[in-house]
Structure formats: structure tokens, C-alpha cells
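Colleague: One structure coming up, written as C-alpha cells, with questions to follow.
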Amino acid sequence: MSAVEGSLCAVKDRMANACRRSGRSPEEVRLIGVTKKVSAEKIKAAVACGLRDFGENYIQEARKKIEEITDDVSWHMIGHIQTNKVKYVAELFHCVHSVDRWDIVEGIERYGKQIDMLFEVNVAGEDSKHGTGVDGLRRMFERTMALAHARPVGLMTMAPFVDDPEEIRWVFARLREILKEMNDEFGLTMRELSMGMSSDFEVAIEEGATMVRIGTAIFGERL
């Protein structure tokens, strides 16, 4: 068994246990392997083990890997998006997790490709993190009804880095509440909650995550 296979199995076991603790089915949570600074060889090893969703942070790095990994996989944009790079995001990715302002929505829509879109919310209000607040989120949703190609499917957040993930459980719970609030207010049926990383994904799952973004716990520390 390769190192990647062993780590992937361990992560899946932990995900399944978190689902059981919260009365959920493991099929409800999608595992996204975060491949920033991860070699194509390691990605191919994960593909061979059945992983089909991968998240990238940077356009240039992602393009090279997407060209090399020819298997039937889905690519997720999870990093901050620069306005002048939106067309490349729409070109390369199946799903975008990090939409935090309207010009990004417009750029994705203008490309004319059906693409799933999650809005990044800075729940903890950290200055060092990207993402919109609830008021900004509401202003964007007020304009989404006219969209034909970009499809709002959920919300994403990054919780603060802490030693004890219990300290940030409230962040994940609050994102779940915001999703319900936006669905109720705007008549939407979004269900995706992209939250939880290597250090806190079990708590995120217990609070309703439908996507977890995990890199280090699968691929090891990156240089």
C-alpha cells in the first residue's frame, strides 16, 4: 500500500466515523483532495485509489496538472480569484468555491459554461481571510436570478487555525445557518457546505459539511 493510499483510507475512515456520530451517511460528504504543490504522481496515485475530486488554488499550477491528469475527475477552484483570471477559472474548473464578489460572478456567467458556484463567507471576520459578509452575500443573491450559466449551489468558509477544533465548531454551525437563511429568503435550494480541512474536517462534518477540502492529511506536508 502506498503512502497516499494509506492516508486516503485513514481520512475516509475518519470521515465515516464523523458521519456516524452525527447520524449522517458517508455518501453525503464529498472528499476533495487539495493538490496545491502536490506532484502529478501523487495525484495519479489518489486517482488510482478512487478519489475523483481535486481542489487547486492557483491557475497556472492547476493548468499544468489538468493537462497531465487525463482521467475522468472533477477540478474545484478553491483559492482566491483575481478579476483578470476569471475566464481561466471558468475554462478549467467544474466547480468554484471561492466566489466573494459580484464581478467574479459576472465573469463566470459571461464565459457561457454551466458551472457550479459556491460563495465564500468570512464567518469569523478575520482580516487575513478572503470572503464576504452576510450583507455582501445578500446583495449578490439579489442579482443571481438572472444568471443562465453560473449556478449557485452553496457556501464555503475557512475557519481560523486553532489547536482544538472544538473552538471553531461555531463557525461551521453558523455557515449552515446562513445557508438556510439565504435559501429561505431567496427561494433557493442550495445544499453544498464546503467547510473543513485537514485539522478540523471531523467537526465540520458533524456540523453539516457536504464537501471537505483535505490536502496535508492525504498527501503529507508540502514544501
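Colleague: Please give the Cα centre distance for the range 46-111 versus the range 124-180, rounded to the nearest Å.
Modeller: Between the Cα centre of the range 46-111 and that of the range 124-180, the gap is 19 Å.
Colleague: Take 157, 216, 83 and order them by how many other Cβ atoms sit within 10 Å, fewest up front. Intermediate values should be presented prior to the final figure.
Modeller: Working: 157 26, 216 14, 83 10.
In order of increasing Cβ crowding within 10 Å: 83, 216, 157.
Colleague: Got the relative contact order for the chain handy, in percent, Cα pairs under 8 Å and 6 or more residues apart?
Modeller: Working: 398 pairs, mean separation 48.2, N = 223.
Relative contact order, the chain: 22 percent.
Colleague: For the range 115-223, what proportion of DSSP beta bridges, expressed in % and rounded to the nearest 5, is antiparallel? It would help to have the intermediate numbers written out before the result.
Modeller: Values: 0 of 11 bridges.
Percentage antiparallel, nearest 5: 0.
Colleague: Given springs between every Cα pair under 10 Å in a Gaussian network model of the chain, which of 77, 140, 156 has the largest fluctuation?
Modeller: Ranking 77, 140, 156 by mean-square fluctuation puts 140 first.
Colleague: Ok, one more. Just add up the charged neighbours of residue 44: K/R +1, D/E -1, any other residue whose Cβ is under 14 Å from the Cβ of residue 44. It would help to have the intermediate numbers written out before the result.
Modeller: Details: positive: 42, 52, 64, 65; negative: 5, 41, 67, 68, 71, 72.
For residues surrounding residue 44, the net value is -2.
Colleague: OK, next. What Rg and what Dmax come out for the range 1-95 when only alpha-carbon atoms are used, in angstroms?
Modeller: Considering the range 1-95 through its Cα atoms, Rg and Dmax are 14.6, 43 Å.
Colleague: Summing Lys, Arg as +1 and Asp, Glu as -1, what charge do residues with Cβ under 11 Å from the Cβ of residue 137 carry, residue 137 excluded?
Modeller: Working: positive: 101, 138, 139; negative: 100, 120, 135, 142, 181, 185.
It works out to a net charge of -3.
Colleague: Over the chain, with a Gaussian network built from C-alpha contacts below 10 Å, which listed residue (148, 159, 173) shows the highest mean-square fluctuation?
Modeller: Comparing 148, 159, 173 in the GNM, the peak value goes to 148.
Colleague: May I ask which of 85/113; 42/64; 65/87; 44/113; 64/129; 113/180 have a Cα-Cα span longer than 24 Å here? If you can, show how the numbers build up before the last one.
Modeller: On the way: 85/113 15 Å; 42/64 14 Å; 65/87 18 Å; 44/113 27 Å; 64/129 27 Å; 113/180 27 Å.
Long pairs (Cα-Cα over 24 Å): 44/113; 64/129; 113/180.
Colleague: Another question, then. Express the relative contact order of the range 1-124 as a whole percentage, based on alpha carbon pairs under 8 Å and six or more residues apart in sequence.
Modeller: Working: 145 pairs, mean separation 20.8, N = 124.
Dividing the mean separation by the residue count of the range 1-124 yields 17 percent.
Colleague: Also, quick follow-up: Name the most mobile residue of 141, 172, 54, meaning the one with the largest mean-square fluctuation, in a Gaussian network model of the chain with Cα contacts below 10 Å.
Modeller: Among 141, 172, 54, the largest GNM mean-square fluctuation belongs to 141.
Rule-based calculations on the coordinates, nothing more; no lab input. Just so it is clear, the structure is predicted and the values come from calculations on it, not from any experiment. We place every Cβ from the backbone using ideal geometry, glycine too, and count neighbours over all the protein chains shown.
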